[in-house]
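Take a look at the structure below.
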Amino acid sequence: AQLAESGGGLAQPGGSLRLSCVASGFTFNSYIMSWYRQAPGKQRELVAAISSGGTPTYVDSVKGRFSISRDNAKSTVYLQMNSLKPEDTAVYYCKARNSFLLSQMYWGQGTQVTVSS
């Protein structure tokens, strides 16, 4: 199983980025997909998740700014990030968790997002 993130980079405050995570090697539509982030010196935190049925959840700090979505036909999950703030700077990781066997999960390698003027 593999998860490959892309779309990170440098953005100005107030700007936007769209992250993608392409999955392979497992039944994508049976997995809860999530985005986590880890800033330097901080613990990894959950940013957003989307159930196998497409129901999204968000951490309070990104509500109204970030949007998670999935395309089961493409085995891809997206994170649209708008109104970016410097505190959004972190390495963003994609995670897949089996809806039927919660102990089974996979992580991507991460993509750097830097928000700075």
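The values are calculated or read from the model by the stated rules, or taken from the named source; none is laboratory data. As the structure is a computational prediction, the values presented were derived from the model and not from experiment. Every residue, glycine as well, gets a Cβ built from its backbone with ideal geometry; the counts of neighbours run over all protein chains shown. Areas reflect the complete protein model, heavy atoms only, side chains present, ligands, DNA and RNA absent. Shrake-Rupley method; radii C 1.70, N 1.55, O 1.52, S 1.80 Å.
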Surrounding net charge for residue 111, when Lys and Arg each add one and Asp and Glu each subtract one, Cβ distance under 15 Å: +2
Selected from 54, 25, 41 as most flexible by GNM, with the chain as the system and alpha-carbon contacts under 10 Å: 41
Where trypsin sites (Lys or Arg not before Pro) in DSSP loops with at most 12 other Cβ within 10 Å are excluded, longest remaining stretch of the chain: 64-117
Radius 9 Å from Cβ of residue 49, net charge of other residues (Lys, Arg +1; Asp, Glu -1): +2
Over 21 Å [Cα-Cα, region 17-86], rounded percent: 25 percent
Cα centroid separation - region 1-60 against region 65-117, whole Å: 1 Å
Cut-off 14 Å between beta-carbons: net charge of the residues surrounding residue 3, Lys and Arg +1, Asp and Glu -1: +3
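Got a number for carbon plus sulfur as a percent of region 10-87's accessible area, 1.4 Å probe?
Details: 1930 of 4060 Å².
Summing carbon and sulfur atoms, their accessible area is 48 percent of the total for region 10-87.
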GNM flexibility winner over the chain from 48, 23, 73 (Cα, springs under 10 Å): 73
Fully extended contour minus Cα-Cα distance, from residue 109 to residue 38, at 0.36 nm per residue: 24.4 nm
Percent breakdown of C-alpha pair distances by 10 Å bin, ordered from the shortest bin, for region 53-117: 17, 47, 30, 6, 0
